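Below is one structure, written out as structure tokens; comments come after it.
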Amino acid sequence: MEHIRKQYPPFLLTANEMGKADQAAVVAGVPAMDLMAAAGKAVADAVVERWSERPTLVLCGPGNNGGDGFVVAQHLRSMDWPVRLAFLGSVDGLSTEAAHFYRAWQGDIEPFSTDLLDQTKLVIDAMFGAGLARPLEGNARDMVDAMITRNITVCAIDVPSGVDGTTGAALGKVAPAELTVTFFRKKPGHLLFPGRGLCGHLVVADIGIPESVLDELTLQTWENRPELWCQYYPWPRLDGHKYHRGHAVVYGGETMTGASRLTARGAMRVGAGLVTLAAPIKAWAVYATALTGVMVAKLEVSQESEDFDVLLLDPRHNAIVVGPGAGLAGFERIRTRKIVLKALATGRATVLDADALSAFSDDPQILFDAINGPCVMTPHDGEFARLFPEINKSPEINKSHLDDKLTRARLAAKQSGAVVVLKGADTVIASPDGRAIINSNAPADLATGGSGDVLAGFIVGLLAQGMAPFDAASAAVWMHGEVGNEIGSGLIAEDLPDHLPKVLSAFKAQYFSSHQ
Ligand SMILES: NC(=O)C1=CN([C@@H]2O[C@H](COP(=O)(O)OP(=O)(O)OC[C@H]3O[C@@H](n4cnc5c(N)ncnc54)[C@H](OP(=O)(O)O)[C@@H]3O)[C@@H](O)[C@H]2O)[C@@H](O)CC1
Ligand SMILES: [K+]
């Protein structure tokens with residue numbers, strides 16, 4: 001019988017989930033000793049692949065991260081590397097496996113002292129991994145401080161010590177690694193800042209944990225990869241026409257007209273069949289002159305919300321975006337709020353960005369109460385803080401959540417009923433049902449004015465074509481990152497929609513044939 005290998009999606013495992021995977025592997029017949037041996041071997045392999053032989057110091061902590069360190073040290077020593085080892089703890093406190101490898105180490109075991117760094121060119125950081133419970137203290141903290149001061153080259157096992165693998169938070173100071181080797185699956189903290197910036201190059205090593213253990217876990221966090229949503233991607237059909245591809249409405253403001261124009265162009269490029277920009281009459285001429293493929297509808301200034309109502313009467317207008325350039329000054333704020341509430345009242349797919357979010361900072365509950373249909377919110381950190389002050393500030397929220405973007409985005413999605421895209425270099429997309437995706441492909445060049453407006457356009461364009469909000473948001477964020485990489489240095493927001501076709505072609509070539 002032909003064996004069909006099950007493909008697992010790109011799950012991210014918390015420390016707790018990794019512990020469960022580890023236990024499930026042992027139950028499935030893989031001895032814990034073998035896991036540790038494989039982990040240490042994988043780190044040693046990665047080290048010799050990256051660096052030539054050099055004076056190396058292995059810093060072993062009191063748990064199994066330290067256990068991996070003993071294995072690495074022995075491998076490097078057997079390859080004649082000049083290796084010293086320092087141990088922070090007592091052998092009595094070690095697990096059976098770690099104690100076994102402690103004894104198998106054939107060199108000296110030295111106490112932690114920063115003097116050891118004098119002759120060292122490479123540190124293997126095996127102090128703390130998944131079991132980190134609090135900021136480093138005493139000798140461990142002194143060592144980390146000295147490593148930072150001396151700017152020493154570090155290879156971290158699992159995570160750089162001090163980084164919380166589940167949240168990416170740094171508990172105190174952390175010596176940044178040039179290489180981090182983790183096991184079985186990435187952890188959220190490898191993708192979330194500051195953790196991501198401290199890991200350096202990340203290697204995920206197979207240590208013999210059977211993938212089938214994933215079936216026993218209820219996992220809700222993934223790295224953003226096309227495998228997650230490509231089967232729902234709305235490729236145009238040969239027998240289709242533009243009305244099959246939806247009709248997005250972009251609300252345009254009176255003054256900052258560039259923002260919503262970028263949004264409209266993004267929606268067009270991502271494949272919306274039609275896009276209408278709803279423009280206040282005062283700015284109508286600007287929009288109409290600047291836009292060609294996008295239709296421009298006039299909204300009377302004094303009664304624009306009524307005109308907006310008329311526009312929404314047409315059921316073919318199936319996705320709406322409000323926010324980019326909508327306006328917040330004086331009367332504009334009231335109008336922006338009205339437009340948002342009108343859009344939400346239709347129950348059609350709605351994207352709320354920028355001013356559409358800030359307009360409700362006085363009373364976010366009014367906004368949350370109005371969300372009853374498919375809705376995606378795209379706050380950056382500042383907008384998030386204004387809209388979800390209790391998540392950011394409340395003393396009831398565990399303090400570590402302030403650094404925990406994943407939890408913040410999840411709580412916000414649950415509270416608002418919308419899919420929340422919490423933007424940044426490590427954008428998190430969270431669904432009210434608890435699922436969350438961390439994006440990892442965005443280059444620094446994307447942090448530029450107008451980039452978010454284009455993202456809102458990509459999302460609304462996919463919603464117009466019938467994608468579900470969580471999938472549409474994830475796909476749009478990934479495309480946005482890919483386009484950023486495609487353009488590279490010198491990127492301006494205007495370029496983003498126009499480089500999308502190239503990214504779509506590559507994406508289609510890679511994923512479409514197998515998902516027809
Ligand atoms: N799961 C797997 O499949 C596999 C896992 N493997 C490896 O195991 C690692 C996880 O091991 P682990 O659970 O023993 O945790 P680890 O990070 O070594 O430390 C725990 C110890 O540190 C202590 N402690 C904590 N914070 C502290 C602080 N700030 N300052 C001082 N002490 C502190 C804590 O003490 P306690 O909090 O109980 O007082 C406890 O004694 C994982 O990262 C990977 O490398 C591999 O072998 C392959 C298979
Ligand atoms: K470590």
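The values are calculated or read from the model by the stated rules, or taken from the named source; none is laboratory data. Not measured: the values here are computed from a predicted model. In this analysis, Cβ positions are derived from the backbone assuming ideal geometry, glycine residues included, and neighbour counts consider all displayed protein chains.
Just one of (1) touching a Phe, Trp or Tyr at 6+ places or on another chain (Cβ under 9 Å); (2) crowded, with 23+ Cβ neighbours inside 10 Å; (3) under 30 Å from THR350 (Cα atoms) trips up GLY168, so point out which. GLY168 satisfies all of (1) touching a Phe, Trp or Tyr at 6+ places or on another chain (Cβ under 9 Å); (2) crowded, with 23+ Cβ neighbours inside 10 Å; (3) under 30 Å from THR350 (Cα atoms) except (3). The condition of being within 12 Å of ligand 2 (Cβ to nearest atom) and either touching a helix residue (DSSP H, G or I) at 6+ places or on another chain (Cβ under 8 Å) or under 30 Å from ASP115 (Cα atoms) (or both) holds for PRO160. Restricting attention to region 194-241, the residues being among the basic types (Lys, Arg) and touching a strand residue (DSSP E or B) at 6+ places or on another chain (Cβ under 6 Å) number 0.
Within the option set VAL286, VAL301, being at pLDDT below 95, in the same structural domain as GLY246 (by the TED database), assigned to a helix (DSSP H, G or I) and not small (Gly, Ala, Ser) holds for one residue only, VAL286. Pairing each residue of region 129-152 that is of a type in the set (Lys, Arg) with any residue that is within 16 Å of ligand 1 (Cβ to nearest atom), provided the two are 6+ apart or on different chains, yields C-beta distances under 9 Å for ARG134/LEU171; ARG134/GLY172; ARG141/PRO135; ARG141/GLY162; ARG141/GLY172; ARG141/LYS173. With respect to the stated conditions, GLU383 is within 27 Å of GLY449 (Cα to Cα) and either in a loop (DSSP other than H, G, I, E, B) or not aromatic (Phe, Trp, Tyr) (or both). All conditions in (1) part of a loop (DSSP other than H, G, I, E, B); (2) within 14 Å of ligand 2 (Cβ to nearest atom); (3) surrounded by fewer than 24 Cβ atoms within 10 Å (Cβ to Cβ) hold for LEU198, with the sole exception of (1). Restricting attention to region 467-477 and to residues that are out of contact with any Asp or Glu (no Cβ under 9 Å at 6 or more places or on another chain) and assigned to a helix (DSSP H, G or I), the residue that is surrounded by the fewest Cβ atoms within 10 Å (Cβ to Cβ) turns out to be ASP471.
Out of all the residues in region 147-157, which are away from ligand 2 (no atom under 16 Å from the Cβ) and either surrounded by 15 or more Cβ atoms within 10 Å (Cβ to Cβ) or not assigned by the TED database to the domain that holds ALA177 (or both)? Selection gives nothing. Given the criteria among the charged types (D, E, K, R) and under 16 Å from GLY461 (Cβ atoms), does ARG269 qualify? Here the answer is yes, as ARG269 does meet what is asked.
Here's the yes/no breakdown for (1) outside the structural domain of ALA468 (by the TED database); (2) closer than 30 Å to LYS173 by Cβ; (3) in contact with a helix residue (DSSP H, G or I) (Cβ under 6 Å, 6 or more places away or on another chain):
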| site | (1), (2), (3) |
| --- | --- |
| GLY195 | yes, yes, yes |
| LEU202 | yes, yes, yes |
| VAL213 | yes, no, yes |
| ARG225 | yes, no, no |
| TYR232 | yes, no, yes |
| VAL250 | no, no, yes |
| THR255 | no, no, no |
| ALA264 | no, no, no |
| ALA267 | no, no, yes |
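Considering only residues of region 33-43 that are within 15 Å of ligand 2 (Cβ to nearest atom) and not β-branched (Val, Ile, Thr), which is nearest to LEU202 (Cα to Cα)? Out of the qualifying residues, it is ALA42. Among the residues of region 108-125, those identified as away from ligand 1 (no atom under 16 Å from the Cβ), within 11 Å of THR56 (Cβ to Cβ), not in a helix (DSSP H, G or I) and not hydroxyl-bearing (Ser, Thr, Tyr) are LYS121, LEU122. When region 330-363 is filtered for residues that are under 25 Å from the mean Cα position of the chain (by Cα), part of a helix (DSSP H, G or I) and not hydrophobic (A, V, I, L, M, F, W, C), the ones remaining, listed by number, are ASP355, SER358. Considering every residue within region 488-497, establish whether at least one is in contact (Cβ under 8 Å) with a residue 60 or more places away in the chain, buried (at least 23 other Cβ atoms within 10 Å of the Cβ) and not in a helix (DSSP H, G or I). No - not one qualifying residue is present in region 488-497. Inspection of region 61-76 identifies no residue that is within 14 Å of ligand 1 (Cβ to nearest atom), over 19 Å from MET127 (Cα atoms) and in the same structural domain as THR96 (by the TED database).
Please work out which residue is farthest from ligand 1 (Cβ to nearest atom), limiting yourself to region 126-175 and to residues that are among the polar types (S, T, N, Q) and over 13 Å from GLY189 (Cα atoms).
Ranking the candidates gives ASN151 first.
Test PHE101 against the stated conditions and say whether it is outside any loop (DSSP other than H, G, I, E, B), modelled with pLDDT of 95 or more, more than 35 Å from the chain's Cα centre (by Cα) and within 16 Å of ligand 2 (Cβ to nearest atom). Criteria met by PHE101.
Within region 79-98, the residues that satisfy the criterion of being surrounded by 14 or more Cβ atoms within 10 Å (Cβ to Cβ) and part of a helix (DSSP H, G or I) are GLU97, ALA98.
Does ARG237 fit the bill of being in contact (Cβ under 8 Å) with a residue 40 or more places away in the chain and assigned to a loop (DSSP other than H, G, I, E, B)? Here the answer is no, as ARG237 does not meet what is asked. Restricting attention to region 120-142, the residues that are of a type in the set (A, V, I, L, M, F, W, C) and away from ligand 2 (no atom under 12 Å from the Cβ) total 2. Listed here are the strands (runs of 3 or more DSSP E) enclosed by region 398-466 that have at least 3 residues being within 25 Å of GLY325 (Cα to Cα) and not assigned by the TED database to the domain that holds ASP164: 419-422, 428-430. Scanning region 166-178 for residues that are within 13 Å of ligand 2 (Cβ to nearest atom), in contact with an Asp or Glu (Cβ under 7 Å, 6 or more places away or on another chain) and closer than 13 Å to ARG134 by Cα yields one hit, LEU171.
Taking first residues from region 73-95 that are more than 16 Å from PHE128 (Cα to Cα) and partners that are at pLDDT below 95 and away from ligand 1 (no atom under 12 Å from the Cβ), the Cβ contacts under 9 Å between residues at least 6 apart in sequence or on separate chains come to PRO82/GLN119; ARG84/GLN119.
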